[in-house]
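Reviewing the structure listed below.
The values are calculated or read from the model by the stated rules, or taken from the named source; none is laboratory data. Everything quoted here is computed from the prediction, not taken from an experiment. Note that each Cβ is placed from the backbone with ideal geometry, even for glycine, and that neighbours are counted across all protein chains shown.
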Amino acid sequence: MKERTLVIIKPDGVERNLIGKIIDYYERGGLKITAMKMVRADKALVGRHYPEDDEYMTTLGKKSEKAGEKIKDYKAMGRKIVGWLRTYITRGPVVAMVLEGTNAIQRVREITGYTDPSAAEKGTIRGDLGNDSILKANKERRSAENLIHASGNREEAEREIKLWFPEMG
């Protein structure tokens, strides 16, 4: 099934001059870029992109636990992480892209690799180019620098595309 999804190359990917390499992974994976822009995200946009939804907070807290940290309250940890994410994604320019293709959402997530670069499989963007870990980032009270944001499902993709590319409605 043909679908579209949002990918953001985060500030660490831009700072490390990895834009072309990252795009190459997706294009070799059979995906087509249908929109792309470099932008400095403001706090209002990022606040809507990373909402403080309870389910999302819990998911973030569980990823910290999976990385090896003992978590008492998943939601509270998730709220901390969202704060760190908002700071991280606004620290410099990002490249936002809409990718299209057969099963694009799942395909992008496979190409991108697991959220924690230290646990991502080789052959994925995060596994090959990542140089951080969730555990290290949590100890330093910051977001893990994992190069990419990729929409997790169809509803999220459509919501995020409208946020970052309102002209695509």
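The table below gives the values:
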quantity: Test: residue in the stretch 110-124 that is modelled with pLDDT under 95, in a helix (DSSP H, G or I) and either touching a Ser or Thr at 6+ places or on another chain (Cβ under 9 Å) or of a type outside the set (F, W, Y) (or both); calculated: no
quantity: Checking A96 against (1) part of a helix (DSSP H, G or I); (2) at pLDDT 90 or above, the condition it does not meet; calculated: (1)
quantity: Residue in the stretch 70-82 that is part of a strand (DSSP E or B) and either charged (D, E, K, R) or touching a Gly at 6+ places or on another chain (Cβ under 9 Å) (or both) present; calculated: no
quantity: Residue match in the stretch 113-120 (condition: of a type outside the set (K, R), crowded, with 16+ Cβ neighbours inside 10 Å and under 16 Å from R28 (Cβ atoms)); calculated: yes
quantity: G83 being without any contact (Cβ under 8 Å) to a residue 60 or more places away in the chain and either more than 24 Å from S133 (Cβ to Cβ) or surrounded by 19 or more Cβ atoms within 10 Å (Cβ to Cβ) (or both); calculated: no
quantity: Filtered residue count, the stretch 137-165, keeping only those that are in a helix (DSSP H, G or I), over 16 Å from T5 (Cβ atoms) and either among the hydroxyl-bearing types (S, T, Y) or at pLDDT 95 or above (or both); calculated: 0
quantity: Residue within the stretch 159-167 that is surrounded by 15 or more Cβ atoms within 10 Å (Cβ to Cβ), closer than 20 Å to N17 by Cβ and in contact (Cβ under 8 Å) with a residue 60 or more places away in the chain present; calculated: no
quantity: Test: residue in the stretch 36-45 that is surrounded by fewer than 19 Cβ atoms within 10 Å (Cβ to Cβ), in contact (Cβ under 8 Å) with a residue 12 or more places away in the chain and of a type in the set (D, E); calculated: yes
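To keep it simple, each residue is scored yes or no on (1) closer than 27 Å to K139 by Cα; (2) in contact with a Gly (Cβ under 7 Å, 6 or more places away or on another chain); (3) assigned to a strand (DSSP E or B).
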residue: L6; (1), (2), (3): no, no, yes
residue: G13; (1), (2), (3): yes, no, no
residue: I22; (1), (2), (3): no, yes, no
residue: K37; (1), (2), (3): no, no, yes
residue: R48; (1), (2), (3): yes, no, no
residue: E65; (1), (2), (3): yes, no, no
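Okay, residues lined up against (1) surrounded by fewer than 15 Cβ atoms within 10 Å (Cβ to Cβ); (2) among the aromatic types (F, W, Y); (3) within 14 Å of T5 (Cα to Cα):
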site: E69; (1), (2), (3): yes, no, no
site: M77; (1), (2), (3): no, no, no
site: V98; (1), (2), (3): no, no, yes
site: G101; (1), (2), (3): no, no, yes
site: R107; (1), (2), (3): no, no, yes
